[in-house]
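Only the coordinates and a few stated rules stand behind these numbers; no lab work does. Please read all numbers here as calculations on a predicted model, not as lab measurements. Here the Cβ positions follow ideal geometry from the backbone for every residue, glycine too, while neighbour counts run over all protein chains shown.
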Amino acid sequence: MRRYFCLNAVFMLALMLLAGCGSSSLSRNEYTIATGSKSGVYYPIGETLAMILKTDYPDVQLKIIETAGSVENLQMLKDGKVDMALVQNDIAFYASEGEAMFNGSKITNVAGIATLFPEVVQFIVRKETGIKSLNDMEGKKIAVGSKNSGTYYNAQQILSLAGVWEKIDQQFIGGTDAMKEVQEGRLDGFIFTSGLPNPSIIELAKKVEISIVPVENELVQKLVNTHPFYYPSTIAANQYPGQTEEISAVEINAILVSGPTLSDDDQYLLTRHLFGKPNELGQSHPRLSKMTRNSLRRQMPIQTGKGAYRAHSEAP
Ligand code: GLU
């Protein structure tokens, strides 16, 4: 009888410790992450995260979901259809405030995990169109992103401020399809908010001559002053075949967020595992190479999740 009590006490103590500290193993063997189109950068970053997860948790799968981009990803998270998503920080902010495209349908059940890498709003056209400035896009057939992407809203904000948004022949086509149409000459150009360089744009530039249209300095200043998430940026020379000069642009940040289906404990373990060694993560994908312990917490426009916060605070 006495032995039974002792064992019981030990068991209770172990349970209490576990409850206090959180479990050290993930509660499921499959998680989902919403990314973007296969010709974007979110998708391969999702694959990188899945690979990293496998190193400590060989039985755990991170399933990559192809989507239209940030707006769709936030809707999926809200509805509990995915556990995590890569999204633009500007779009996550609009969702949390119920502004812009989320007007009247605020999303309050999404939490921040980490800030990952800058994404540059890229204006790509077929060289033969002769388009050299955003204003030259007037009357041209341009893919402005699918309506559920973050790209679409950047295109709208930037081209509206440039005074040309209503004057272009807007096509609501994203990533993969837009590049195919440009390659085949059915579109004059496309816009893509994506990490630099985007591997699919490199491939496109090998097949058809492209030009990258700059966001003139004056417009960059206007954008930075009127929209809180844009930063001045440049596309360094030779990021893309045939692009010999540096190009003025604007950027926002890509962040990793989670929805209501991810428990605090799982969020803690995933954050600790995925971002515990930012240097190693940096080596795994060029877009993540500038990540540091501090940059992971920078410019998070929504509330950081409890688990992620704990993991970041414990990091050495
Ligand atoms: N930032 C883009 C969007 O949300 C997706 C970019 C990518 O997949 O590289 O529309």
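What ranking of E209, E119, E47 emerges when the number of other C-beta atoms within 10 Å of each C-beta is taken as an exposure proxy, fewest first?
Working: E209 11, E119 29, E47 15.
Listed from fewest to most nearby Cβ atoms, that is E209, E47, E119.
Taking amide H positions as placed in the peptide plane 1.01 Å from N, state which residues far from V41 in sequence (5 or more) or on other chains have amide H under 5 Å from it.
G195
Quote the relative contact order of the chain in percent (integer), defining contacts as alpha-carbon pairs under 8 Å separated by 6+ residues. List each step's numbers first, then the result.
Working: 615 pairs, mean separation 74.1, N = 316.
RCO, the chain: 23 percent.
Through the Karplus equation 6.51 cos²θ - 1.76 cosθ + 1.60, θ set to phi - 60°, convert the phi angles of the stretch 295-311 into ³J(HN,Hα) values in whole Hz; use x for Gly and Pro.
Per residue, the Karplus-derived 3J(HN,Hα) values read 5, 4, 9, 6, 6, 7, x, 10, 4, 6, x, 4, x, 5, 4, 4, 4 Hz.
Cα axis of helix 217-226 to longest principal axis of the chain: angle in degrees, 0 to 90, nearest 10?
Once rounded, the angle reads 40 degrees.
Under 19 Å from the Cα of K306, which aspartates and glutamates turn up, not counting those fewer than eight places away in the same chain?
D83, D264, D265, D266, E314
Which whole-Hz couplings ³J(HN,Hα) result when phi for each residue of the stretch 191-200 is put into the Karplus expression 6.51 cos²θ - 1.76 cosθ + 1.60, θ = phi - 60°, listed in order with x for Gly and Pro?
Each residue of the stretch 191-200 in turn: 10, 8, 8, 7, x, 10, x, 8, x, 6 Hz.
Who wins for biggest fluctuation among A95, A85, A236 in a Gaussian network model of the chain, springs between alpha carbons below 10 Å?
Its mean-square fluctuation being the largest, the pick is A236.
What ranking of Y57, Y152 emerges when the number of other C-beta atoms within 10 Å of each C-beta is taken as an exposure proxy, fewest first? Walk me through the numbers before you get to the answer.
Values: Y57 17, Y152 25.
Going from sparsest to densest Cβ surroundings: Y57, Y152.
For K78, give me every one of the lysines with a C-alpha distance below 16 angstrom, ignoring sequence neighbours fewer than eight places off in its own chain.
The qualifying lysines are K106.
For the chain, find the longest principal axis of its Cα atoms and tell me its angle to the long axis of helix 2-21, 0 to 90°, nearest 10.
Its long axis makes an angle of about 20 degrees.
May I ask for the angle, rounded to the nearest 10°, between helix 264-275 and the longest principal axis of the chain, with both axes built from Cα atoms and the value confined to 0 to 90°?
Value to nearest ten degrees: 60.
Could you tally the net charge around S233, taking each other residue with its Cβ under 12 Å from the Cβ of S233, Lys/Arg +1 and Asp/Glu -1? Present the calculation step by step, with values, prior to reporting the outcome.
Values: positive: none; negative: E119, E246, E251.
Summing Lys/Arg as +1 and Asp/Glu as -1 gives -3.
Mind telling me which of I247, I142, I212 comes out most flexible in a GNM of the chain, alpha-carbon contacts under 10 Å?
Top of the fluctuation ranking is I247.
Would you give the gap between the C-alpha center of the stretch 47-116 and the C-alpha center of the stretch 238-300, rounded to a whole Å?
Measuring centre to centre over Cα atoms gives 13 Å.
Using Stokes-Einstein with the Kirkwood hydrodynamic radius over Cα pairs, what translational diffusion coefficient do you get for the chain at 20 °C and a viscosity of 1.002 mPa s, in µm²/s rounded to a whole number?
Details: Rh = 20.6 Å.
Here the translational diffusion coefficient equals 104 µm²/s.
Long-range amide H contacts for I210: which residues qualify at under 5 Å (H placed 1.01 Å from N, peptide plane, sequence gap of 5 or more or a different chain)?
Residues meeting the amide H criterion: K127.
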